[in-house]
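Nothing in this text is a laboratory measurement; each read-out follows from the coordinates by a stated rule. Remember, it's a predicted structure, so these values are computed and weren't measured experimentally. Here Cβ is always computed from backbone atoms with ideal geometry, including for glycine, and neighbour counts include all displayed protein chains.
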Amino acid sequence: MENLVIVRGGGDLATGTIYKLYQCGFPVLILETPTPSAIRRNVAFSEAVYGGSQRVEDVTCVRADSREQAMAYLLAGKLPVLVDPAGQSIPWFQPLAVVDATVAKKNLGTRRDMAPITVALGPGFTAGVDVDAVVETKRGHSLGKVLYSGSAAPNTGIPGVIGGYGKERVVHSPAAGILRNVARITDTVTRGQTIAVVETAQGEVPVTATLDGLLRGLIRDGYPVRAGFKIADIDPRVEEYDNCFTISDKARCIAGGVLEAILHLQGRLPHG
């Protein structure tokens, strides 16, 4: 299919890229795992894997249960997601571009020979070696910058500062087990409040809010987590309620970099 872009990953940062490419007229296919772990679930197309469809702003994604169904959706102008974490279907679709938007901080199998154009988000890739281009994902003046050689800034493990808070904004699981949600996305929470519990063999372990703010993201109820796993996101700006339902400024900036990279590299492809 001409100009098809396959995006590996459908989390909230990936969704910014998917949304922009789709709105710019590119047919887009999302490849996901069978159990996506998006935290900002309201703005992650990956949630369609669970519910069959997911609407983010004014675009709806639908789950395809086979590559043939995915192709039928593409031909109908729809935005499909297909469970294919290893990317085994990529050769069958013969896309113009493959974008690794898993933001896993390491390369989980994306290769430069997967498509005429390959782009990756963030650290773990070397432009010109693993992929054709890398887009910077670290906040700052270089956010969204396209690199055609070298790598993105290394992962610091510290979230960007919002409202004066950085690492405090992110909540990690205190134990391994099954997550059970107590609060829900959009709730206003206070520091020390129980927002979830982790069911373990020894009993329930509470997960508490790390600061006062708006619960902007929380992994879905029933998800198996390991100790230290990122499970929630709190925005100290309680007045920013609408942020729970909109693509972030960071995701939109990164999306611009991906679009720039694809158009730039497409113009350099041999024709005929």
Residues of region 216-268 satisfying the condition of being among the hydrophobic types (A, V, I, L, M, F, W, C), in a helix (DSSP H, G or I), touching a residue at least 40 places away in the same chain (Cβ under 8 Å) and surrounded by fewer than 16 Cβ atoms within 10 Å (Cβ to Cβ):
F245
Restricting to region 60-115, count the residues that are out of contact with any Lys or Arg (no Cβ under 7 Å at 6 or more places or on another chain), in a loop (DSSP other than H, G, I, E, B) and closer than 17 Å to F26 by Cβ.
7
Please verify whether Q202 is polar (S, T, N, Q), free of Cβ contacts under 8 Å to residues at least 24 places away in the same chain and surrounded by 15 or more Cβ atoms within 10 Å (Cβ to Cβ), treating the condition exactly as stated.
no
Criterion violated by D65 - all others in (1) in contact with a strand residue (DSSP E or B) (Cβ under 6 Å, 6 or more places away or on another chain); (2) charged (D, E, K, R); (3) farther than 16 Å from G9 by Cα satisfied
(1)
Can you find, within region 116-126, the residue that is farthest from the chain's Cα centre (by Cα) among those that are in contact (Cβ under 8 Å) with a residue 40 or more places away in the chain and within 17 Å of G11 (Cβ to Cβ)?
V119
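May I ask you to verify whether G52 is surrounded by fewer than 16 Cβ atoms within 10 Å (Cβ to Cβ) and in contact with a strand residue (DSSP E or B) (Cβ under 6 Å, 6 or more places away or on another chain)? Even if it seems obvious, please write down each step before you answer.
Details: surrounded by fewer than 16 Cβ atoms within 10 Å (Cβ to Cβ): yes; in contact with a strand residue (DSSP E or B) (Cβ under 6 Å, 6 or more places away or on another chain): yes.
Yes; evaluated as a whole, the condition is true for this residue.
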Output the residue which, of all residues in region 127-152 that are buried (at least 17 other Cβ atoms within 10 Å of the Cβ) and polar (S, T, N, Q), is nearest to D12 (Cα to Cα).
T137
